[in-house]
Amino acid sequence: MKNIEHLVYAMNQMVGFIMDLPSGLDGFDDIDFDAAFAELEKVKSDEVVEVVHAKWICIDKRHDTYQCSACMGLDEDIWGCEGWHTVTSQEFCPHCGAKMDLQ
């Protein structure tokens, strides 16, 4: 399900919840649900990016070299002016942007 579909589903759930309240929409007169829904529909699919999930695969333990399972891009642990750069601590692949959350 795309992000916009999640938002539409959440809005429908919210409206259903409000309608089920004993007071209904009392007190919500100044909220324009149609306008809010129209704003949700304006979201373009190019603004919603599919998340690619991946993991680091160690291909050379001696040199701490890792490969992204999504794009096969290489990265390695290095020492820099800010300290150790450890590949496996990165949340995203610097090559393709994949979210590194797979085991």
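Throughout, read-outs are computed from the coordinates displayed, never taken from laboratory work. Just so we're clear, the structure is a prediction, and the values are computed from it rather than from any experiment. As a convention, Cβ positions derive from the backbone with ideal geometry for all residues, glycine included, and neighbour counts pool all protein chains shown.
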- Query: Say each of A10 and W84 gets a label point 7 Å from the Cα, pointing the same way as Cα to Cβ; how far apart are those two points in nm?
  - Reply: 3.7 nm
- Projected onto their principal axes, the Cα atoms of the stretch 53-100 stretch, largest extent first, over whole-Å spans of 28, 22, 13
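Test of understanding: what is the full-extension gain from C71 to A35, defined as 0.36 nm times their sequence separation minus their Cα-Cα distance?
That pair, C71 and A35, stretches by 8.9 nm at full extension.
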